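Student: The following block contains the structure, expressed as structure tokens.
Please treat every number below as a calculation from the coordinates, not as lab data. No experiment lies behind these values; they were computed from the predicted model shown. Neighbour counts are summed over all protein chains in view; Cβ atoms, including those assigned to glycine, are modelled from backbone coordinates with ideal geometry.
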């Protein structure tokens, strides 16, 4: 156990305080920081730093549907859109002008 804890401490994940002959350990990274780093390591190790490779693998193995992938892309596009701008799309997916029968996008 001591070897594992020391390894985590050397890597910067943990630190400790000494109380006599007792140690109190605490996390030095947040869960989000750890998740981000873990994802980067997996992509680097197994997909040669290619996020496209990750997504392609997920689609190929049917872990994610193309509809779910479109939803992710749409959500990402919404984040890039300027605030307070309404975007309207037709059922076929093209932009339409006001006054035309339309469905609002989720942005």
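Student: Quick one: Cα centre-to-centre distance for segment 55-73 and segment 3-44, in angstrom?
Tutor: After rounding, the separation between the Cα centres reads 33 Å.
Student: Continuing with this model, one more query. Using 0.36 nm times the number of residues separating residue 40 and residue 16, minus their current alpha carbon distance, what extension gain do you get? Mind showing how you got there, number by number?
Tutor: Values: separation 24, 0.36 × 24 = 8.64 nm, distance 2.66 nm.
Between residue 40 and residue 16, full extension yields 6.0 nm more.
Student: May I pose another question? Return the distance in nm (one decimal) between the two label points of a simple spin-label model at residue 57 and residue 75, each offset 7 Å from Cα along Cα→Cβ.
Tutor: The answer from the label model is 2.1 nm.
Student: Next question, about the same structure. How much length is gained if the chain between residue 31 and residue 2 is pulled fully straight, taking 0.36 nm per residue apart and subtracting their Cα-Cα distance, in nm to one decimal?
Tutor: So the chain would gain 8.2 nm between residue 31 and residue 2.
Student: A further question follows. Going by the alpha-carbon gyration tensor, a ≥ b ≥ c the square roots of its eigenvalues, is segment 1-72 rounded (a/c under 1.5) or, if a/c is not under 1.5, prolate (a/b greater than b/c) versus oblate?
Tutor: prolate
Student: Now for a separate question. Between residue 48 and residue 9, what is the label-point separation in nm under the 7 Å Cα-to-beta-carbon projection?
Tutor: In this crude spin-label approximation the distance works out to 4.1 nm.
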